[in-house]
């Protein structure tokens, strides 16, 4: 392997190029550290893991303040950004330690940070497991509560942001999906113990 700019090997750069060609939704994972200070980072590595119990996973960089907070408090929120949330995505992917002073946020019912202006949905999670893999840790979170409004998801691919393309009118007329209102719809799971 030969080195590339920034200490990244050629193979690592090819891998980054490959993954940048796969568009994905953008989320900001938030938590509170042991002192109650909000922490968060932009994350495109979010996926569902199981339906029963509802569990998702996020991949967080080892050594990050966000991973440290999630590990300390055993809870996190996944804020799914809408197409107007690009500023938040950029803020939470940068080095600024005062990220929360640059966005509008509130506390979820659990007390976790919710990016109320930039996220069309938030899932409040309890850590159910972790697995360190290379320079990241996969964090599994059992979903305790979801709040969701209408919104067009923000995507990232080919190193640029874009809005999810809306279907044509004829495709929308054929859809049998129930419309959602503009107020957050909360769903809660009962605690198993």
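Each reported figure results from applying straightforward, stated rules to the coordinates on display, with no laboratory input. Model, not experiment: these values are computed from the prediction.
Shape verdict for segment 1-73, please, from the Cα gyration tensor: rounded (a/c under 1.5), prolate (a/b greater than b/c) or oblate.
Details: a/c = 2.74, a/b = 1.48, b/c = 1.85.
Here segment 1-73 falls in the oblate category.
Output needed for segment 68-138: three equivalent-ellipsoid semi-axes, defined as square roots of 5 times the C-alpha gyration tensor eigenvalues, in descending order, whole Å. Numbers along the way, then the final one.
Values: eigenvalues 92, 49, 28 Å².
Taking √(5λ) for each Cα gyration eigenvalue gives 21, 16, 12 Å.
How much of the pair distance distribution for segment 106-167 lies past 16 Å, counting alpha-carbon pairs only, in percent?
Values: 1182 of 1891 pairs.
In whole percent, the long-distance tail amounts to 63.
Shape call for segment 22-166 from the C-alpha gyration tensor, a ≥ b ≥ c root eigenvalues: rounded (a/c under 1.5), prolate (a/b greater than b/c) or oblate? Before the final figure, lay out each step's value.
Details: a/c = 1.28, a/b = 1.20, b/c = 1.07.
Rounded, because the longest to shortest axis ratio a/c is under 1.5.
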